[in-house]
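Read through the structure below, which is laid out as structure tokens, and then see the notes.
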Amino acid sequence: MVVVSNLGYPRLGENREWKKLIESYWSGDISQEELDQESKVLRLANLKKQVDAGVDYIPVGDFSLYDHILDLSFQFGIIPKRFAKEEKDLDLYFAIARGDKDHVASSMKKWFNTNYHYIVPEWSKTKPHLTSNHLLELYREAREVVGEKAKPVIVGPVTFVALSSGVQDFTAAVKNLLPLYKHIFKDLVNAGASYIQVDEPIFVTDEGADLVEAAKCVYSYFAKEVPEAKLIFQTYFEALIDAKELSQLPVAAFGLDFVHGLEENLEAILSGLFADKVIFAGVVDGRNVWSSDFIKTTELLKAIQENVAEVVVQPSCSLLHVPVTTKNETDLDPVLKNGLSFADEKLVEIKLLAEKLKGIDNPAYTQHIQNFDKLQAADFRNVVLENLDNVPTQRHLDYSQRQLLQQERLGLPILPTTTIGSFPQSPEIRRKRLSWKRGEISEEEYKEYIKSEISRWIKIQEDLGLDVLVHGEFERVDMVEFFGQKLAGFTTTKFGWVQSYGSRAVKPPIIYGDVKHIQPLTVEETVYAQSLTSRPVKGMLTGPITITNWSFERTDISRAQLFNQIGLAIKDEIQLLENAGIAIIQVDEAALREGLPLRKSKQQAYLDDAIHAFRIATSSVKDETQIHTHMCYSKFDEIIDSIRELDADVISIETSRSHGDIIESFETATYPLGIGLGVYDIHSPRVPTKEEVIANIERPLVQLSLGQFWVNPDCGLKTRREPETLAALKILVEATQEVRAKFGKA
Ligand code: GLN
Ligand code: ZN
């Protein structure tokens with residue numbers, strides 16, 4: 001018998017119903033009761049869909065009102081000390097995630113190498129305890145709809161602690177959690193659970209190599225204390241770090257990723273390590289949108305099947321990372337559309353693959369292969385790689401000399417103030433955009449409106465006293481999608497949303513062919529903004545690595561080739577901006593860090609390719625043109641050398657949400673170029689106090705020189721509302737003025 005399993009289903013809904021629901025609770029439009037009812041409707045609909053698709057093990061507990069890691073912290077009573085209060089209610093839950101008037105939110109970090117962000121569990125002295133058995137409630141609810149097919153999903157104790165902050169003693173922390181997990185497992189088994197998926201993705205990372213002993217202790221404990229629980233030790237995003245040892249864990253099954261960790265995982269299987277084990281084989285890519293190569297995948301499944309006790313077919317990871325369905329993408333070229341596979345289509349794929357393995361010949365299987373072949377043969381997939389020999393990858397002068405020329409041209413004060421690019425997108429802008437897309441207003445009218453916003457905000461920035469201005473990115477819904485709409489080789493979808501953090505979703509474009517610059521991308525808005533002011537306006541572009549990492553990329557050429565193609569396209573745009581007189585151009589690489597391979601052994605090659613492509617994009621400018629870049633929060637210490645090698649004149653870094661640990665690397669390493677360490681957190685609606693901002697400016701000045709430091713918020717302001725943005729920027733400028741005064745210069 002070959003059965004199929006799923007690891008997690010997208011929360012957002014076909015039409016982002018989930019997002020809308022949660023935001024309407026935040027804005028007070030619906031009560032908690034309504035939120036509970038409506039979220040149940042969404043949850044059950046997701047389950048129902050999966051039963052209908054023929055999934056045998058349907059994930060339960062993957063649904064969340066914000067983030068599944070926060071759910072777990074909450075369930076374990078791991079509440080940041082500053083939020084301590086008796087009532088563990090929903091408002092507390094959201095306050096930890098988003099911050100409130102009196103408290104800064106918990107840190108947010110990228111979920112491994114994805115663009116999903118989890119809320120970092122903050123441990124304090126309070127011993128973990130079960131505040132509720134949330135998973136049991138969800139399991140009971142699910143059983144009523146899908147019966148025995150319900151499969152509880154929970155992040156395992158080792159990964160949970162590894163992702164936490166404030167843990168003093170790792171082993172003790174894990175030990176404290178074990179009785180709680182045991183309790184949850186027991187309850188689930190008593191309620192009828194068969195397999196329980198325990199996600200331990202930390203065991204694909206280098207860090208996991210040091211945690212193998214911990215895994216042995218933990219899973220022996222469960223085997224002894226709850227022998228009746230059938231645990232699946234689930235990993236994804238890479239191969240198991242130490243298959244030899246981990247394959248010995250006393251668990252009922254192993255879930256392995258045969259897409260992103262194919263070579264190593266397959267080798268472990270073929271060497272017989274899992275000969276007597278049940279393997280949940282992740283063979284359909286849960287991270288990308290291309291339909292599977294059935295011929296190859298069927299061969300792979302056969303090879304696995306021959307070497308293990310039993311095989312279950314599943315996606316490589318939770319489908320959280322792909323959109324819901326291609327069904328509503330009616331504008332796509334049919335050949336392309338039929339070559340795509342979002343969550344619902346992936347469920348069909350795993351079903352067909354499992355049937356094939358059982359020897360069932362479904363015409364849909366053959367049809368799938370035909371569609372796949374048609375896509376590969378399509379004209380638009382032709383590969384033309386430009387010759388890069390004559391493209392500069394080195395600025396003429398080195399930084400110290402360039403800086404003088406740039407300063408002469410720009411005449412900025414010390415501690416120049418700026419923002420990261422976007423300003424709040426008012427409901428009015430969204431309405432206008434919608435009317436324009438629906439054809440209710442003309443393109444001219446829409447463009448005029450965008451211009452009026454640009455001009456309003458140029459005035460606002462001048463009045464606030466900011467030094468380097470931006471046009472505000474009002475014409476962009478998203479910093480990657482926008483470029484996807486204008487460059488050749490990309491297509492965008494109508495409903496292809498993916499959760500990024502909380503209710504925030506992005507719609508990654510799909511790169512299906514050769515990328516080329518075929519029209520100006522940003523020139524009109526930037527030049528218009530610059531015409532309104534004598535202060536410098538920064539041109540605002542997204543860099544090649546970020547465009548790739550935040551798109552669904554084609555996989556039939558190498559990543560390096562793709563980076564370079566996009567690098568060349570961005571270079572063309574930079575040239576246009578420079579020729580139009582723009583003196584500062586920012587090339588955002590918000591997602592550079594998140595694309596870093598999980599294994600050290602693969603990281604340098606990625607970084608080298610990334611640096612190369614960034615330098616293709618940015619090295620052709622004149623020395624007096626200042627190149628900025630911006631990166632979002634994450635751990636920077638191990639890539640700081642590569643960041644330096646980008647040779648960007650100024651980098652701004654998102655820092656506030658990490659409560660200081662990120663910026664340490666920039667403070668202690670001798671970073672020689674211009675740098676702005678975000679001085680307040682833009683992910684929270686909270687307006688910072690002047691004292692906080694001053695402290696955030698002064699703290700790094702111990703290590704960094706006055707001449708290299710920039711003052712800016714820590715990311716774009718698109719998601720904020722106008723009043724809080726104005727209030728925060730006013731404080732930012734005032735704080736800067738105070739620090740300038742203190743240092744005795746203006
Ligand atoms: N320039 C972009 C903005 O301000 C950068 C966003 C980001 O880093 N995610 O919106
Ligand atoms: Zn950012």
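The values are calculated or read from the model by the stated rules, or taken from the named source; none is laboratory data. Everything quoted here is computed from the prediction, not taken from an experiment. Counting neighbours? That spans all protein chains shown, and the Cβs are built from the backbone with ideal geometry, glycine included. The protein model used for the area step is the full one, side chains on, heavy atoms only, and it has no ligands, DNA or RNA in it. Shrake-Rupley method; radii C 1.70, N 1.55, O 1.52, S 1.80 Å.
Which whole-number percent gives the relative contact order of region 67-111, counting Cα pairs below 8 Å spaced six or more residues apart? Please report the intermediate quantities before stating the final value.
On the way: 24 pairs, mean separation 12.8, N = 45.
Dividing the mean separation by the residue count of region 67-111 yields 28 percent.
What do you get for Rg/Rh over region 5-63 if you use C-alpha atoms and the Kirkwood form of Rh?
On the way: Rg = 12.6 Å, Rh = 12.2 Å.
Using only Cα positions, Rg/Rh for region 5-63 is 1.03.
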Practice problem: Just name one of 592, 541, 521: the one whose Cα is farthest towards the positive end of the charge dipole of region 495-597 (beta-carbon charges, Lys/Arg +1, Asp/Glu -1). | Solution: 592
Exercise. Please report, in whole Å, how far the alpha carbons of region 138-224 spread along each principal axis, starting with the longest.
Key: 41, 24, 23
Exercise. Return the Rg/Rh value of region 58-173, two decimal places, where both radii are evaluated on C-alpha atoms and Rh is the Kirkwood radius.
Key: 0.97
Quiz item: Relative contact order, percent, of the chain when contacts are C-alpha pairs under 8 Å separated by at least 6 residues?
Solution: 12 percent
Quiz item: How much accessible area per residue does region 552-612 have, in Å², with a 1.4 Å probe?
Solution: 31 Å²
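Counting only C-alpha contacts under 8 Å and six or more residues apart, can you give the relative contact order of region 1-151 as a whole percent?
Values: 170 pairs, mean separation 40.4, N = 151.
Here the relative contact order equals 27 percent.
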Quiz item: Using every alpha carbon pair in the chain, what percent of pairs falls into each 20 Å bin from 0 up to the bin containing the largest distance?
Solution: 16, 50, 30, 3, 0
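Quick check on the chain: helices-only [θ] at 222 nm, where DSSP H runs of length 4 and up contribute -39,500 (n - 2.57) each and the sum goes over total residues. Nearest 500, please. Don't jump to the answer; show the numbers that get you there.
Details: 27 runs with 316 residues, N = 746.
So the helix-based figure for the chain works out to -13000 deg cm²/dmol.
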Quiz item: Using 1/(1 + (r/R0)^6) with R0 = 35 angstrom and r between the beta carbons of residue 364 and residue 464, what's the FRET efficiency to the nearest 0.05?
Solution: 0.05
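Nearest 5 percent is fine: what portion of the DSSP beta bridges confined to the chain is antiparallel? Before the final figure, lay out each step's value.
On the way: 11 of 64 bridges.
About 15 percent, rounded to the nearest 5.
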Quiz item: Any idea of the accessible area per residue across region 481-539, 1.4 Å probe, to the nearest Å²?
Solution: 32 Å²
Practice problem: Calculate how steeply helix 170-190 sits against the longest principal axis of the alpha-carbon atoms of the chain, using the helix alpha-carbon long axis, and give the answer as 0 to 90 degrees to the nearest 10. | Solution: 50 degrees
Quiz item: Summing +1 for each Lys or Arg and -1 for each Asp or Glu, what net charge is found among the other residues whose Cβ lies under 11 Å from the Cβ of residue 252?
Solution: 0
Exercise. For residue 327 and residue 210, compute 0.36 nm times the residue count separating them, minus their Cα-Cα distance, and round to one decimal in nm.
Key: 37.7 nm
Exercise. Throw me the Rg/Rh for region 501-632, computed over C-alpha atoms with Kirkwood Rh, two decimals.
Key: 0.99
Exercise. Give the angle, between 0 and 90 degrees and rounded to the nearest 10, that separates the Cα long axis of helix 212-225 from the longest principal axis of the Cα atoms of the chain.
Key: 40 degrees
Practice problem: Tell me the Kirkwood hydrodynamic radius of region 305-364 in angstroms, computed as one over the mean inverse distance between distinct C-alpha pairs. | Solution: 13.3 Å
Exercise. Would you please give the FRET efficiency between residue 504 and residue 169, computed as 1/(1 + (r/R0)^6) with r the Cβ-Cβ distance and R0 = 30 Å, to the nearest 0.05?
Key: 0.30
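Taking the Cα centre as origin and putting +1 on Lys and Arg beta-carbons and -1 on Asp and Glu beta-carbons, what dipole magnitude results for the chain, to the nearest 20 debye?
Here the size comes out at about 820 debye.
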Practice problem: Could you provide, to the nearest whole Å², the per residue accessible area of region 191-250 with probe 1.4 Å? | Solution: 33 Å²
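Between residue 102 and residue 689, what length comes free when the chain is fully extended (0.36 nm per residue of separation minus the Cα-Cα distance, one decimal in nm)? Mind dumping the intermediate values first?
On the way: separation 587, 0.36 × 587 = 211.32 nm, distance 1.11 nm.
Length difference between fully extended and current span is 210.2 nm.
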Exercise. Note down the magnitude of the dipole of region 489-629 about its Cα centre, charges +1 on Lys and Arg C-beta and -1 on Asp and Glu C-beta and zero elsewhere, to the nearest 20 debye.
Key: 500 debye
Exercise. Using only Cα atoms, tell me the angle between helix 427-437 and the longest principal axis of the chain; keep it within 0 to 90° and round to the nearest 10.
Key: 80 degrees
Quiz item: Where the centre of each part is set by its Cα atoms, how far does region 681-746 sit from region 465-519, in angstrom?
Solution: 27 Å
Quiz item: What are the radius of gyration and Dmax of region 120-178, computed over its Cα atoms and given in Å?
Solution: 14.5, 42
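What's the carbon and sulfur percent of the chain's accessible surface, probe 1.4 angstrom, rounded to a whole number? Can you show the working numbers first?
Values: 14010 of 28260 Å².
Answer for the chain is 50 percent, counting heavy atoms of protein chains only.
In nm², what is the average projected area of the convex hull enclosing the Cα atoms of region 333-413?
On the way: hull surface 48.0 nm².
Mean shadow area of the hull around the Cα atoms is 12.0 nm².
Across region 374-487, how large is the tail of the calculated P(r) beyond 24 Å, expressed as a percent of all Cα pairs?
Working: 3539 of 6441 pairs.
So the portion of pairs separated by more than 24 Å is 55 percent.
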